[in-house]
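Undergrad: There's a structure below that I have some questions on.
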Amino acid sequence: MVGDWTFEATVEDEPDQMTHKSTGKESIRMLGANWMIGEGQGEMPCPEGEKPQTGYTCITLGYSPEKQAMLGTWIGSMMNHMWVYEGSLDLDQGILVLNAIGPKFDGTGTANYRETIHLINDNQRTFTSAVQTDDGEWSTFMKAVYKRA
């Protein structure tokens, strides 16, 4: 994943279910041999007729031998919540699943979230975000397709 990427993302807003598209870029580098840091920027979804704003993000990922799990964080300029990840990597499939707990869209507490990074090949990957609904089902609300720049 190290290198420069561009992305196109589709986000489905709650509760109105409106679909927003955005584009951006991300640069990923290693911090030593154990940690990856990705810094991104892109257009944030905004109401129709308003000028899009730029959002900035930072993701960290690494493997913990102690927990035998992938660990990481994600922060973005558009929110005040730090996402803390723990998950697993399937090297054969090229799929990294990260679990987190974060605020519900309606502000009534917290929910379980699942982020999935799928390494399709050396030049393309996807990133999806899903939330676990009150009935226990997973609802995907964001998908981004990354291409090596």
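Undergrad: Anything in segment 21-75 that is touching a residue at least 40 places away in the same chain (Cβ under 8 Å) and of a type in the set (Asp, Glu)? List them, or say none.
TA: Across segment 21-75, the qualifying residue is only Glu26.
Undergrad: Moving to a separate point now. Restricting the search to segment 21-35, which residues are of a type in the set (Gly, Ala, Ser) and under 11 Å from Met1 (Cβ atoms)?
TA: Ser27
Undergrad: Going by the conditions given, is Gly38 touching a strand residue (DSSP E or B) at 6+ places or on another chain (Cβ under 7 Å), at positive phi and not acidic (Asp, Glu)?
TA: No, not satisfied.
Undergrad: Please find, among Lys143, Lys147, Lys67, the residue that is in contact with a Ser or Thr (Cβ under 7 Å, 6 or more places away or on another chain), surrounded by fewer than 15 Cβ atoms within 10 Å (Cβ to Cβ) and basic (Lys, Arg).
TA: Lys147
Undergrad: Right, something else. Collect the residues in segment 20-37 that are farther than 18 Å from Thr54 by Cα and not aliphatic (A, V, I, L, M), keeping them in residue-number order.
TA: Arg29, Gly32, Asn34, Trp35
Undergrad: Then there is this: Failed condition for Thr110, given (1) in contact (Cβ under 8 Å) with a residue 12 or more places away in the chain; (2) β-branched (Val, Ile, Thr); (3) under 13 Å from Gln132 (Cα atoms), with all others met?
TA: Failing condition for Thr110: (1).
Undergrad: For segment 129-140, how many residues are within 14 Å of the chain's Cα centre (by Cα) and either surrounded by fewer than 17 Cβ atoms within 10 Å (Cβ to Cβ) or part of a loop (DSSP other than H, G, I, E, B) (or both)?
TA: Number satisfying all stated conditions: 1.
Undergrad: Same structure again: State whether one or more residues within segment 54-62 are touching a strand residue (DSSP E or B) at 6+ places or on another chain (Cβ under 8 Å) and over 20 Å from Glu26 (Cα atoms).
TA: no
Undergrad: Kindly list the number of the only condition in (1) in contact with a Lys or Arg (Cβ under 9 Å, 6 or more places away or on another chain); (2) surrounded by fewer than 17 Cβ atoms within 10 Å (Cβ to Cβ) that fails for Gly38.
TA: Condition not satisfied by Gly38: (2).
Laboratory data are not the source of any read-out in this text; all were calculated from the coordinates shown. All of these numbers come straight from a predicted model, not from anything done at the bench. When we count neighbours, we look across all protein chains shown, and the Cβ atoms used for this are built from the backbone with ideal geometry, even at glycine.
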